[in-house]
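Okay, structure first, notes after.
The values are calculated or read from the model by the stated rules, or taken from the named source; none is laboratory data. These figures come from a predicted structure and were not determined experimentally. Don't worry about glycine lacking a Cβ; one is built from the backbone with ideal geometry, like all the others, and counts go over all protein chains shown. Surface areas here come from the heavy atoms of the whole protein model, side chains and all, with no ligands, DNA or RNA. Shrake-Rupley method; radii C 1.70, N 1.55, O 1.52, S 1.80 Å.
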Amino acid sequence: MTIKWNNLIKTKQILILAVSIIVFSSGSFTAASIAVSQRPKVVIFLLADQFGYNTFSQCADKFQPNGFRQLLDNGANFTACKYSGATNQTACNLSVIATGAYPWSTGVVGNEWYDRRKQKISKPVAIEENSADEGAIGNVTPFYGTTIGDELKILSKGQSRVVSISTAQSDALLLAGKCKDEAFWWDNRSGNFIGVNRISKSAPAWVGNFNSRRYSERFLGKKWITGAEANTIADESFYTRFIGTPWSNQMLFDFAKESIERESLGQDDWTDIVNISFPAFEIVGKNYGSDSQESFELVMRFDQSLTDFLQFLDTKIGLANCLIVFTAAHGAVPSGEISKVQGNETGTIDARSFCNQLDASLSSKLGKANWVEAFTPPNLYLNLSAIDHSTFKQPDVEKLAARLGRSITGVAEIYTAFQFFMNQVPCGPQVSGVQKSYFWGRSGELYVIPKPGFSFASADNGTVCGSPYNYETQVPLIF
């Protein structure tokens, strides 16, 4: 069945409603005659960090019969599924998936943002202060709202189980929510899964048993793509590179199997949720390009791993008792080579150079000062102290900074905080998306949108996703 939908957030809200009705209706449901015995025993969310719909459609005719093809043939495929926010970064859109709300409500305005009070970059997940093991415990910081898992926990009075798994700590904790039972992620310093348990605050014993098998190290000395250098020593470099391979996806599936087995998920009358996030897609996309042979190979290997996982679910729980959802956090900018062949302008905007250029331009107009305090694309933070000690008003500095910033190569549009405050944002195709992505007190004084084909880049994170264009907003969604 193919269903066209152009608003992902409505789909997420429908999912929350549908899961709640199906899972927690007692007796029969009049409209659809859903009996108690028809509740799904487990809901499996399969979430790729970066996986545009164009990637999915290009590979569709090569899928195996019992992997993606099984989901397509037996599920609802939303072929026009799009995020309607403007900041299409992993953390933002995983929070959208988990909560059914956009950053203006949740406060997750990016993979990172600038915290003025602490005067440093902040992330959606922060290490607990005074923690003995900085890698083991994390909190979702200033996150507003509840997740689907939280709602199921509330409605079931704690009987439903919520487990999240990823190689990225941020992904695991964002999806898990506040009422999670367990969240697990990969520590690339030790090559182990670590995590938190709702009761013990540490990973259960079976996780240690899984780690003792040294899963990743069986791939030492091997390479999955031609020309790649194979690691021969099990160190942090190896564990970090391992995350960006098909083997890490397979490891996540195998760890999920262990979790379902050891935690007895899907074995009682209460529906459980298992979130599995796959960061490898974004890592490979950044390293080789979203349209590369490496990205294509990763999809096909994932299809093989998915086939095996679905067979496991069928044997352990029964696919008829599972609700499986596959989607992605965002798509990706087409590679420069493809854009050039199509005659489209393309390029990157270096975040540091952008700040320096804008700061110099403002100094030439307003006088010498450090006018730009921080830039975590798309949010740029002006130096409010410098403005306070000048003779200029903040709205005027914002307006001037926006005008000067628009002249920098690769920039399409810049909106200011004062425009949002006064509800005077000029009409444009991106305005609604920016409004959904802007959170007062956390977003910047300037919201910078790149031109189509352009992306921001930084020394720390490489290419930064997050534009409001179709190649990043449209993702696969299959129930």
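A few comments on the model shown:
- Flag for LEU252 being among the aliphatic types (A, V, I, L, M), in a loop (DSSP other than H, G, I, E, B) and open to solvent by less than 30 Å² (accessible area, probe 1.4 Å): no
- With a requirement of 2 or more residues that are over 30 Å from LYS118 (Cβ atoms) and open to solvent by less than 40 Å² (accessible area, probe 1.4 Å), the helices (runs of 4 or more DSSP H) lying completely within segment 142-226 that satisfy it span 148-155, 205-211.
- When segment 360-382 is filtered for residues that are open to solvent by less than 30 Å² (accessible area, probe 1.4 Å), out of contact with any helix residue (DSSP H, G or I) (no Cβ under 7 Å at 6 or more places or on another chain) and not small (Gly, Ala, Ser), the ones remaining, listed by number, are THR376, PRO378, ASN379, LEU380, TYR381.
- Of all the listed residues (PHE281, PHE312), the sole one being more than 18 Å from the chain's Cα centre (by Cα) and within 28 Å of ARG218 (Cα to Cα) is PHE312.
- Selection count where residues are among the acidic types (Asp, Glu) and in a loop (DSSP other than H, G, I, E, B), scope segment 81-125: 1
- Number of positions in segment 382-411 that are in a loop (DSSP other than H, G, I, E, B) and among the basic types (Lys, Arg): 1
- Residue list for segment 255-269, filter: open to solvent by 10 Å² or more (accessible area, probe 1.4 Å) and either touching a strand residue (DSSP E or B) at 6+ places or on another chain (Cβ under 7 Å) or basic (Lys, Arg) (or both): LYS257, ARG262, GLU263
- For segment 386-445, a residue qualifies if it is hydroxyl-bearing (Ser, Thr, Tyr) and under 21 Å from TRP371 (Cα atoms), and the qualifying residues are SER390, THR391, SER407, THR409, TYR415, THR416, SER443.
- Residues in segment 227-248 that are among the charged types (D, E, K, R), open to solvent by 80 Å² or more (accessible area, probe 1.4 Å) and either closer than 21 Å to TYR288 by Cα or in a loop (DSSP other than H, G, I, E, B) (or both): GLU229, ARG241.
- The requirement of being part of a helix (DSSP H, G or I), in contact (Cβ under 8 Å) with a residue 24 or more places away in the chain and not aliphatic (A, V, I, L, M) is fulfilled somewhere in segment 363-376, by at least one residue.
- Annotation: SER407 fulfils all but one of (1) exposed (fewer than 14 other Cβ atoms within 10 Å of the Cβ); (2) over 16 Å from LEU446 (Cβ atoms); the unmet one is (2).
- Here ILE414 fits the description: outside any helix (DSSP H, G or I) and buried (at least 18 other Cβ atoms within 10 Å of the Cβ).
- Residue tally, condition among the hydrophobic types (A, V, I, L, M, F, W, C) and part of a helix (DSSP H, G or I), over segment 417-451: 6
Let's see how each residue does on (1) under 21 Å from LEU152 (Cα atoms); (2) within 26 Å of the chain's Cα centre (by Cα):
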residue	(1), (2)
ASP181	yes, yes
ASN188	no, yes
GLY195	no, yes
SER212	no, no
SER216	no, yes
LYS223	no, no
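- Going through (1) closer than 30 Å to PRO40 by Cβ; (2) hydrophobic (A, V, I, L, M, F, W, C); (3) open to solvent by 30 Å² or more (accessible area, probe 1.4 Å); (4) in contact with a Gly (Cβ under 9 Å, 6 or more places away or on another chain) one by one, LEU323 falls short only on (4).
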